[in-house]
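Structure first, then comments.
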Amino acid sequence: MARVLIPIPDRDFDPTEVAITWRVLRERGHAVTFATESGAVGRADEIMVTGRGLDLWSGVPLLERFALVGSLLGANEDARAAYAAMIDDSKFRAPKKWARVEADEFDGLFLPGGHRAAGMRSYLESPVLQRLVVAFMNAGKPVAAICHGVLLAARSIDPATGKSVLHGRKTTALTWRQEKLAWTIGRISRFWDPHYYRTYLESAGEPPGYMSVEAEVTRALADADDFKDVPLNDDYYKRKTQGIARDTTIDETPAFVVEDGNYLSARWPGDAHTLARKFDTALRALP
């Protein structure tokens, strides 16, 4: 049994990426500890939990219950069930503070994502978490990151080198194609909050996508080719890239996970089951 730390923001984390991973790890016998910035119980992005709030009619009584766009971008039934079980778990309801955890207390680190700027920015910009990521990576302990969680890893600078811990590593993350598609849909279906799906926006003079997860992560790498996306010749290329199919407990074909030594990465909630299982394998390989 390995001891795994999952740091999350106080609010707005992605429910699928956290809850599916929690369930897989717990079912396989690992001890999971959560940590939030304040030590209060974390809250997921409610829109991603329910799917409500992403459709043109979201503010209309009764109609708001019918989620069309929300059913595509938000958590599916399996993820909602995992989330309901997780928030009722005593470990989840008694998180530590980010500042009070040390890498030597744990065997592995999981970095989930989320995109809503209000809650996610403190997580992505936290020097406390960035130092923690460096400590885990340098210790050779398994570290897994998904979606915006990869951005936290990319921003974690090793003081010994002055470079990101991902410099010299191969990784994936939320791709600009995925981020742009969700953002484009959201600007129409959630027109009153058009940038809901972008955590960081470009400033004047910056090219489109410059502040996307893919672009910032790529800038932290030793070589742009170290950022990996699904190869065109992949047998399941369409399932992996269409943004509709998600992996399950028995089907990994829609997922894309990159492994590089003790570091694993994935793109979006649709990869969560597969990443969690591969993370479990890495944890079991520990001496």
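Each value in this text was obtained by applying a stated rule to the coordinates, not by laboratory testing. Since the structure is predicted, the reported quantities are computational estimates derived from the model, not experimental observations. Note that we place each Cβ from the backbone using ideal geometry, even for glycine, and neighbour counts take in every protein chain shown.
Cross-link pairs exceeding 30 Å between alpha carbons, from the set K163/K278; K141/K228; K141/K180; K91/K141; K91/K238; K96/K238: K141/K180; K91/K238; K96/K238. Counting Lys and Arg as +1 and Asp and Glu as -1, what is the net charge of the other residues whose Cβ lies under 14 Å from the Cβ of A94? Result for the neighbourhood of A94: +3.
With contacts taken as Cα pairs under 8 Å and at least 6 residues apart, the range 3-284 reaches a relative contact order of 20 percent.
Given Cβ point charges of +1 (Lys, Arg) and -1 (Asp, Glu) and nothing else, what value in debye, to the nearest 20, does the dipole of the range 82-214 about its Cα centre take?
On the way: 18 positive and 13 negative charges, 28 e Å.
That gives the range 82-214 a dipole magnitude of about 140 debye.
Using θ = phi - 60° in the Karplus curve 6.51 cos²θ - 1.76 cosθ + 1.60, the 3J(HN,Hα) couplings for the range 185-196 round to 4, x, 5, 8, 6, 10, 4, 6, 9, x, 9, 3 Hz; x is entered for Gly and Pro.
Taking other residues whose beta carbon is less than 12 angstrom from the beta carbon of E27, and scoring Lys, Arg as +1 and Asp, Glu as -1, yields +3. Mean separation of Cα pairs under 8 Å and 6 or more residues apart, divided by the residue count, gives the range 23-105 a relative contact order of 41 percent.
Taking the chain as a Gaussian network of alpha-carbon nodes connected by springs under 10 Å, the highest mean-square fluctuation of the residues F13, F136, F191 belongs to F191. Assuming charge only on the beta carbon of Lys and Arg (+1) and of Asp and Glu (-1), the dipole of the range 1-44 about its Cα centre is about 240 debye to the nearest 20.
Let me spell out the model: positive unit charges on the Cβ of Lys and Arg, negative unit charges on the Cβ of Asp and Glu, origin at the Cα centre of the range 3-284. What dipole size does that give, in debye rounded to 20?
Details: 37 positive and 39 negative charges, 73 e Å.
Charge dipole of the range 3-284: 360 debye, to the nearest 20.
In the Gaussian network model of the chain, springs joining C-alpha atoms below 10 Å, which of G113, G209, G149 carries the largest mean-square fluctuation? It is G209.
Helix-only mean residue ellipticity at 222 nm, the chain, DSSP H runs n ≥ 4 weighted -39,500 (n - 2.57), per residue, nearest 500. What is it? Write down the numbers at each step before the final one.
Working: 11 runs with 98 residues, N = 287.
Value at 222 nm, helices only, nearest 500: -9500 deg cm²/dmol.
For the chain, what is the convex hull volume of its Cα atoms per residue in Å³? Let's see the in-between values first.
On the way: hull volume 38.2 nm³, N = 287.
Convex hull volume per residue, Cα atoms: 133 Å³.
Only one residue of Y210, S126, T36 has its Cα farthest out toward the positive end of the dipole of the chain, where Lys and Arg carry +1 and Asp and Glu -1 on Cβ, and that residue is T36. Considering only I8, G53, F92, the residue lying farthest towards the positive end of the dipole of the chain is F92, judged by Cα position with unit charges set on Cβ.
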